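**Student:** Please read through the structure below; I'll follow up with questions.
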Amino acid sequence: MSPPTEFPPPPVSSFVELVQSRRVWLDEVLIPWCRTARRRDLLLAEQAWPDLAGRPDPGMTLWLWAWQRFPVLAEAGLTALNETWPVTVLLHDGTAATGFPDARQSAQGQLVLVAAQGAVLGPFSIDDIAEIERAEFPE
């Protein structure tokens, strides 16, 4: 009979500590990463999302966290893009577009806007967007 294998002590010793360490990892590693990652990496993360984050819907976590890099789109307490206000999207190439974010059509790091006249604008890749500002209501 062989003796039990010796393992180094774990960084946490109780279930409560384990849950707290996961919350810290989410808050200090995963969410900040989502806010800055390139779209191609976010798409890879979406494929592994059950392993990374468990059961939460990637659309309500991964992609919402990614859009938090533009605070006007992802406000605290909302579980989807904020469609309340029109926004102006400025792309890195200098192109600008103004309209209301469409949370249903915007998916996987692609933002879709609906202009005042009902025209659909986009999709705009999260990687191509330099900034997003709240715009005035169209008259």
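The values are calculated or read from the model by the stated rules, or taken from the named source; none is laboratory data. All of these numbers come straight from a predicted model, not from anything done at the bench. Here Cβ is always computed from backbone atoms with ideal geometry, including for glycine, and neighbour counts include all displayed protein chains.
**Student:** Which residues, taken from segment 30-44, are of a type in the set (A, V, I, L, M), assigned to a helix (DSSP H, G or I) and either in contact with an Asp or Glu (Cβ under 8 Å, 6 or more places away or on another chain) or at pLDDT 95 or above (or both)?
**Tutor:** Within segment 30-44, 42, 43, 44 qualify.
**Student:** Has segment 78-100 got at least one residue that is among the hydroxyl-bearing types (Ser, Thr, Tyr) and in a strand (DSSP E or B)? I'd like the intermediate steps shown before the answer.
**Tutor:** Of segment 78-100, the ones among the hydroxyl-bearing types (Ser, Thr, Tyr) are 79, 84, 88, 95, 98.
From what's left, in a strand (DSSP E or B): 88, 98.
Within segment 78-100, one or more residues are among the hydroxyl-bearing types (Ser, Thr, Tyr) and in a strand (DSSP E or B).
**Student:** Examine segment 19-31 for a residue that is touching a strand residue (DSSP E or B) at 6+ places or on another chain (Cβ under 6 Å) and either in contact (Cβ under 8 Å) with a residue 60 or more places away in the chain or farther than 29 Å from residue 114 by Cα (or both), and state whether such a residue exists.
**Tutor:** Scanning segment 19-31 turns up no residue that is touching a strand residue (DSSP E or B) at 6+ places or on another chain (Cβ under 6 Å) and either in contact (Cβ under 8 Å) with a residue 60 or more places away in the chain or farther than 29 Å from residue 114 by Cα (or both).
**Student:** When you scan segment 32-42, do you find a residue that is among the small types (Gly, Ala, Ser), more than 29 Å from residue 85 (Cα to Cα) and without any contact (Cβ under 8 Å) to a residue 60 or more places away in the chain, even just one?
**Tutor:** For segment 32-42, residues among the small types (Gly, Ala, Ser), more than 29 Å from residue 85 (Cα to Cα) and without any contact (Cβ under 8 Å) to a residue 60 or more places away in the chain: absent.
**Student:** Being under 18 Å from residue 42 (Cβ atoms), out of contact with any Ser or Thr (no Cβ under 7 Å at 6 or more places or on another chain) and not small (Gly, Ala, Ser) is the filter here; which residues of segment 92-120 pass it? Can you show your working first?
**Tutor:** First, pick out the residues of segment 92-120 that are under 18 Å from residue 42 (Cβ atoms): 92, 101, 103, 105-112.
In the following step, the residues that additionally are out of contact with any Ser or Thr (no Cβ under 7 Å at 6 or more places or on another chain) were identified as 92, 101, 103, 105-108, 111.
92, 101, 105, 108, 111, listed by residue number.
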